[in-house]
1. Step through the residues of the stretch B:36-49 one at a time and calculate ³J(HN,Hα) from phi using the Karplus curve (6.51 cos²θ - 1.76 cosθ + 1.60, θ = phi - 60°), rounding each to whole Hz and writing x for Gly and Pro.
2. Between residue B:262 and residue B:11, what length in nm is gained on full extension when 0.36 nm per residue of separation is reduced by their alpha carbon distance?
3. Among B:257, B:243, B:145, flag the residue with its Cα farthest along the positive direction of the charge dipole of the stretch B:144-257, charges on Cβ as +1 for Lys/Arg and -1 for Asp/Glu.
4. For the stretch B:210-289, state which GluC sites (Glu not before Pro) are in a DSSP loop and have at most 13 other beta carbons lying within 10 Å of their beta carbon.
5. Give me the inter-chain shielding for B:70-79: mean count of other chain Cβ atoms within 10 Å, whole number please.
6. Given labels modelled 7 Å from the Cα in the Cβ direction, how far is it in nm from residue A:106 to residue A:21?
7. Just report the Cα centroid separation between the stretch A:100-120 and the stretch A:297-320, whole Å.
8. Which entries in the list B:18/B:51; A:190/B:297; B:238/B:315 go over 22 Å, if you measure between the two C-alpha atoms of each?
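The values are calculated or read from the model by the stated rules, or taken from the named source; none is laboratory data. Fair warning: this is a prediction, and the values are worked out from it, not measured in the lab. FYI the Cβ positions are ideal-geometry reconstructions off the backbone, even for glycines, and counts take in every protein chain you see. For accessibility, only protein heavy atoms count, side chains too; no ligands or nucleic acids. Shrake-Rupley method; radii C 1.70, N 1.55, O 1.52, S 1.80 Å.
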Amino acid sequence: MSRKPSSGLPAISSEDMCPVCKTIRYLNKDMEFLINPECYHSMCSNCVNRLFNDGPNQCPYAGCHRTLRRKGFRSAFFGDLSVEREVDIRRRVAAVFNQAEDDFETLRDYNNYLQMVEDLTFDLVSGSDAARRAAEATLQQWEAEHRADIERNRKAGREADEQSRRRLAAEREAARQRRVEALREAEEEKRERARSREAELDSLAKGEVVSAGGPAGGAQQRVQLKRRGQAAVNAAAASAAGTGAAAAAADVGRLSIRGLKEKKAPAPEGPYDPFGGMDFVPSRYKLHDGLSHPAIDKYKADPGHITGGYNFDDYTARALYEAFAGLAVFVEDEKEVGIGLSAGEVATISAGMIAVGDKMELD
Amino acid sequence: MAVTMTLDPIEQLNEDEKRKYIKGKKLGEGTYANVYLGHSRQDPSQLVAIKKIKVQQQYQDGMAPDAVRELKYLRELHHPNIISLLSVFSSKDQNLNLVLEYLPLGDLEMLIRDVDRVRYGAGDIKAWMGMLTRAVWFCHDNFVLHRDIKPNNLLIAADGEVKLADFGLARSFADPGRRMTANVITRWYRPPELLFGARHYGGAADIWSVGMVFAELIIRAPFLAGNTEVEQISLICKHIGTPTEDNWPGVTRLREYTVPSEVVPVWGKEAYMGRFGAVGADGVDLLVRTVALDPKKRITAREMLEHRWWRTDPKPTRKEDLPRKSGGGAEEKMGADLKRRNGILEDEANNSNSRGAKVARKLDFGQGK
Ligand SMILES: Nc1ncnc2c1ncn2[C@@H]1O[C@H](COP(=O)(O)OP(=O)(O)OP(=O)(O)O)[C@@H](O)[C@H]1O
Ligand SMILES: [Mg+2]
Ligand SMILES: [Zn+2]
Ligand SMILES: [Zn+2]
């Protein structure tokens, strides 16, 4: 074995020894290896500085007579220098053969072109000397002949970059806009709701609303009741926050009422159940199609509701569900989680959540 | 003697909650929030994601409404395919922090885009679609519209379970007569009724998005990727069919109804077989039902789960065996985006001469650097 480093392309040796000055990495933790893509011979940064700081010099590897410059050195990205070299070659080829599919008449032509480029790359990377020289010549010739095209494609690539950056910015703006509108929607709704609640309270005061009525007729009112029920839960949680989370546990049955639908998933090896083992038929009431109520019927004929896909059965289902979930809990005015939320309310909610957690642990 | 600051009980509770978690490196950034990795102080192996809502000037004295939506709905929806909210606290400056379960395996978009390293088949698509459909069914069954379903809002848990996340645009089903905003759902996933400006809509709007995700899973590129609303509508007309009074009574009277003058008849199932045949005839049947133009005729989430596709071969892959993202990080995602722009991936799925496509991707190596 030669004492001088050979001119092949070794992977960086396992001991991480600089082949030029023989420093071993574990003696010098900060040692960094650099390569120069002229010949891919690696050496430590000390050697690079020592040999090339004063200007171009010959590669210290035996048999390698390349002239290297300090500025050409960089750290190797891949441990395997032949990979490093292949990546560089591919990068170089890709910069010259930069046609896009649009530049070709047919997909077939495009594929043939890609095939040709790949063959050429192969020759450059691992062909015999002759093949490599031929490929190098082809590359240079193509570059000379198509300089204008290449430049145009390069710019197109850059413009595509620019375009997509702009598009990305526009997307972000659109996403922001959507949030703003959802917010407006919520504000409108809150006002609307306050109005209708006032009207309802007025009529309640006048004794106009009776609890009977059709199933859906009662439902609308019960929805209100349910919301009041929710407020009760919130209020309870708030007071629990004052007296300790344990007290809240008693109230969380209602807080997490929707969780009632949750069931354990079946044993994993059973047949695939698209529903994931969950019950999906409401158990406490039966839903009849086409329940009607004058307040709803006027919308049923409205083209705006019909065409947009508004679903009245979903509405009655919700009204009924909420009615059954919040049966006649009637407390002080509801306080909705509306626009904005104070720190106190956040704490209230988290108190509720903690309580739920505690309760689940007890079960 | 130690001087103890007296906090009122609620503040104290908040303080306790906050102290339970330690915030770590940033995981990602959204329109309204930064998301950080975090862990429990008591048990550092218990990882969480802390979504810290960015301060918004206009809500100085309260919390941002997006966060409130997210909070309100996540608190109510407990389901294996919906991200769970573990806790919430406010930090200094009244910043709202949502503590969410940590979902370390990225999102469906990453998997769809990483054509080079992530290979998947019909059984995998079926499993992912099953989890998505369950999540949507559960939302709708609890009267919640999500309004932003898309691959990057479908996050993946360590065990492969897909979880619907980002409830920042969610709301409950509106009462009749109550107008909703039509400007929701990211454009590529937005249904025609919203593009036409409908103000009274329902769960069908989410179902369209589910259909778009389904199509995208199959062809591994967004199915209808319009750059503007107008372009989005014309893509729908071209690839699905032109909405007319015949196939969707009343549609021409929607506020923003405009379609290209050349009317394309609604494509039948056969037309989809070429491009989407990978999921079989039953899968295509389901897909076509999710993209019915008239929302009243669109399949519901429950009906989707009752469809025969789930029961035909191949079986949905077990979640533990589903393909995973390779390596980590944003750089990869960017790489995938760059490739996509080259226009190569669009044709890959149906390109019988896939050798060409592969070569092309190999060459992407050095570009964009
Ligand atoms: N639970 C989680 N586990 C791991 N990463 C997460 C989690 N939640 C969010 N992230 C990361 O943070 C990013 C932003 O989160 P998210 O989409 O919820 O925010 P957002 O403000 O609603 O964003 P946008 O509406 O722009 O999508 C996600 O793309 C994801 O990378
Ligand atoms: Mg998001
Ligand atoms: Zn050295
Ligand atoms: Zn050399």
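1. Along the stretch B:36-49, the couplings run 10, 6, x, 9, 6, 5, 6, 10, x, 7, 8, 8, 9, 10 Hz.
2. On the way: separation 251, 0.36 × 251 = 90.36 nm, distance 6.33 nm.
In short, 84.0 nm is gained.
3. Checking the options against the dipole of the stretch B:144-257, the answer is B:257.
4. Details: sites: B:216, B:229, B:231, B:245, B:256, B:262, B:270; in loops: B:245, B:256, B:262.
Filter output for the stretch B:210-289: B:245, B:256, B:262.
5. Numbers: counts 0, 7, 5, 0, 0, 9, 5, 3, 6, 6.
For this peptide, the per-residue mean of nearby foreign Cβ atoms is 4.
6. Taking the simple label geometry, residue A:106 and residue A:21 are separated by 6.2 nm.
7. Measuring centre to centre over Cα atoms gives 55 Å.
8. Details: B:18/B:51 13 Å; A:190/B:297 32 Å; B:238/B:315 33 Å.
Flagged as over cut-off: A:190/B:297; B:238/B:315.
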